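The structure under discussion appears below in the form of structure tokens.
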Amino acid sequence: MSQPLPEAQWFWRRLFTWGVTIWILFQLHSLIARLPEGDLRSISERLILLLGSLIAFYLIGPTAEHIIALVRAWRGNKL
């Protein structure tokens, strides 16, 4: 079996991830400055959770090529 090719669109996934990360941090900063104390905790926790999930997906998420290779390997074992 040959080695899978590198992901063709890795640049756009990274650009999207960093763009959304910067946007979420900016939103969090502006919410902290404007919202009352009660609403602030709930909204900021959700934004931080979203940011953490996005960064975790970026760091450990498989590429499309890896997912296809896993599905092909799984199908090969089932036949």
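Looking only at region 31-41, decide whether some residue is in a helix (DSSP H, G or I), in contact with a Phe, Trp or Tyr (Cβ under 8 Å, 6 or more places away or on another chain) and at pLDDT below 80. Please lay out each step first, then the result.
First pass over region 31-41, keeping only residues in a helix (DSSP H, G or I): 31-34, 37-41.
Those still in the list that are in contact with a Phe, Trp or Tyr (Cβ under 8 Å, 6 or more places away or on another chain) too: none.
Checking region 31-41: not a single residue is in a helix (DSSP H, G or I), in contact with a Phe, Trp or Tyr (Cβ under 8 Å, 6 or more places away or on another chain) and at pLDDT below 80.
Here is a yes/no grid of residues against (1) surrounded by 12 or more Cβ atoms within 10 Å (Cβ to Cβ); (2) free of Cβ contacts under 8 Å to residues at least 12 places away in the same chain; (3) in contact with a helix residue (DSSP H, G or I) (Cβ under 7 Å, 6 or more places away or on another chain); (4) of a type in the set (A, V, I, L, M, F, W, C):
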position: 28; (1), (2), (3), (4): yes, no, yes, yes
position: 49; (1), (2), (3), (4): no, yes, no, yes
position: 58; (1), (2), (3), (4): yes, no, yes, no
position: 63; (1), (2), (3), (4): yes, no, no, no
position: 67; (1), (2), (3), (4): no, yes, no, yes
position: 73; (1), (2), (3), (4): no, yes, no, yes
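So, in region 7-21, how many residues would count as being part of a helix (DSSP H, G or I), surrounded by 11 or more Cβ atoms within 10 Å (Cβ to Cβ) and of a type outside the set (Lys, Arg)? I'd like the intermediate steps shown before the answer.
In the first step, residues of region 7-21 are kept if they are part of a helix (DSSP H, G or I); the result is 10-21.
Right, trim to surrounded by 11 or more Cβ atoms within 10 Å (Cβ to Cβ) and you get 13-18, 20-21.
Still in the list and also of a type outside the set (Lys, Arg): 15-18, 20-21.
So the answer is 6.
The values are calculated or read from the model by the stated rules, or taken from the named source; none is laboratory data. Remember, predicted model here, so these are calculated numbers, not experimental data. For neighbour counting, all protein chains shown are included, and Cβ atoms are generated from backbone atoms with ideal geometry for every residue, glycine included.
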